[in-house]
Amino acid sequence: MKKIKKINLFAKLFIICLIVYTAIIFIDQQKTLNSYNNEKNYLSLKIQEKKDNNKVLNSTKENINSLDYIEKMARDKLDMYLPNERVYIDM
């Protein structure tokens, strides 16, 4: 009878340890999954930003030889203006 009680006690103790170990492993894996999901979301956001930037660059590439774009760049970057054009500077 004592041997059976000892075996039952060890079996119960073993099962409890196994359950605790499984719970710890599960919690650790959940933390890892959350970390991977956060990284995935961050990288998806970065990809979307790069795609948006690519669209802007492609539209600029298409318009780079147009007269309007050249005129705008001359005005903005080089402070050039058309002859006989009045320029008002706000001080």
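The single condition from (1) out of contact with any helix residue (DSSP H, G or I) (no Cβ under 7 Å at 6 or more places or on another chain); (2) in a helix (DSSP H, G or I) that L82 fails is (2).
Restricting attention to the stretch 58-91, the residues being surrounded by 10 or more Cβ atoms within 10 Å (Cβ to Cβ), at pLDDT 80 or above and either among the hydrophobic types (A, V, I, L, M, F, W, C) or on the phi > 0 side of the Ramachandran plot (or both) number 4.
The values are calculated or read from the model by the stated rules, or taken from the named source; none is laboratory data. In this text, all values refer to a predicted model and were calculated from it rather than measured experimentally. As a convention, Cβ positions derive from the backbone with ideal geometry for all residues, glycine included, and neighbour counts pool all protein chains shown.
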